[in-house]
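Report on the structure given below.
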C-alpha cells in the first residue's frame, strides 16, 4: 500500500470516500477452499432441484419473505405470508388463513428477482421494487419517498442506541451523488468483469448496493433481492432453491459487524466475501437437508398408502416425520401420544399397539408404562434425514 493511499485512508471514514471507489479487491487464494465448498453444495442442490415440488417452493419463498422483513425489524405472520405465496404461485389456498396484503409487494419483488434473472437491471426496476415494498407511501408512521432516490441535505445514517446516545455505524454517500452512483452500479452489475465468479459477483453486488443506500427505506431488502437476482443468474434455474435471508437472520449480529468493518475499510473485501461464502454454504446445506427430508417423507407416505390409519395415528406419525430421528427426546410414549391427540391413555395405548402391529412403530425400551417407540423400517421405508459431510 502506497504512502498516498495510507494518507487518504487516515482522512476518510468510509470506502465510498476513497478515490479508487468502487474498485474492490480481494485475496483469491484465501477464498478458493470456501468457494469450492459452496460450488460443491450448489451442485448437490441443483441435482435435487428437479424433485422440488411447488409446496417446497412455497416454503422457501415464505422463509425468504418473513426473514428478509425480520432483519429490518418488520414482523410478518408466516401463515398469512404462506397463503400469499401460494396464491401467487397458483396453488389452492382453501383452508389457509387470509393472505397478507402487506407482504404482497415483497413477494412480487422476490419472485421477479429470481424468475427474471436474465432481464438486465435498470433504475426503473429498482424503483419499482422499492415502491412495491411501501404501497402506502409510509414506512411505519413516517412518510417516505417511494419509487424515487432519496433527496435532501440530511445524512443517511445507520444508527443504533437510545436517543441522545446513538452510535453511527455507517453514513451513506450524500443524496446528490446517488444518480451517478446508481448508474455506475448498474453498469457494473449488467456488465461485470469477464473473469469474475458469479458467487463473488453476488456478494459484491450486495455490499455495493447497500453501501450506496439510494432509497429512504428498503435498501437492505432490495440488496438481498439483488443478491438473489445474481445468484439466480449464476445458477440459471429461475427457481429459489434456498433462503439466504434466513441464514443472514440467524447470523445477524455478525452480518452487521462484517458489513460495518468492510464499509470502513480500504476496498479489500476479502473478509466480507469469506463471511458471505460461509453464510451461503449454510443456507444451501439447510435447503439440501430440507429437500431430503421432504423427499423421504413423501416416500414414507407412499409406502403406507394402503395401510389403514385413523386421523390420530396420521397426526402423530406426521409429527414424528417432521421431528426427524432425534426430534422426540426419549422417543414417543403413551403420555406424549395423549398430549398430542387429547385422547385417554387406553385409547392411546390401543393406537400405539396397532401401529406396532402394522410395522410403522417399533418399541425401543422395555415393556410397561415407560415403553417408548420410534418409526421403524419394518415393512416400510422410513425416512432418515441425511447428514452432509463437510470437507
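No lab work stands behind these numbers, since they all come straight from the coordinates. Quick caveat: nothing in here was measured; it's all calculated off a predicted structure. As a convention, Cβ positions derive from the backbone with ideal geometry for all residues, glycine included, and neighbour counts pool all protein chains shown.
Data table
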item	result
Sites residue 108 and residue 252 - FRET efficiency at Förster radius 22 Å, r taken between beta-carbons, to 0.05	0.35
Net length gained if the chain between residue 311 and residue 163 were fully extended (0.36 nm per residue, minus Cα distance)	47.8 nm
0 to 90° range, to nearest 10: angle between helix 178-190 axis and the chain longest Cα axis	60
Stretchable slack from residue 318 to residue 33, in nm (0.36 nm times residue separation minus alpha-carbon distance)	98.7 nm
Theoretical gain in end-to-end length, residue 350 to residue 89 [0.36 nm per residue, Cα-Cα removed]	89.8 nm
Label point distance in nm, residue 329-residue 40, each placed 7 Å from Cα along Cα→Cβ	3.3
Cα long-axis angle, helix 311-323 against the chain (0 to 90 degrees, to the nearest 10)	40
Among beta bridges that DSSP assigns inside the chain, antiparallel share in %, nearest 5	90
Amide N of the stretch 293-310 lying under 18 Å from the label point, which is placed 7 angstrom from the Cα of residue 358 along Cα→Cβ	297-310
Options (1) 55; (2) 51; (3) 43 - which one matches percent of Cα pairs over 28 Å apart as calculated here	(1)
Value at 222 nm in deg cm²/dmol, rounded to 500, when DSSP H runs of n ≥ 4 in the chain each add -39,500 (n - 2.57)	-18000 deg cm²/dmol
On Cα atoms only, tilt of 123-133 relative to the major axis of the chain in degrees	50
Förster radius 25 Å - calculated FRET efficiency between residue 301 and residue 101 (Cβ-Cβ, nearest 0.05)	0.15
Rounded, prolate or oblate (a/c below 1.5 giving rounded, otherwise prolate when a/b exceeds b/c) for the stretch 307-375 by Cα gyration tensor	rounded
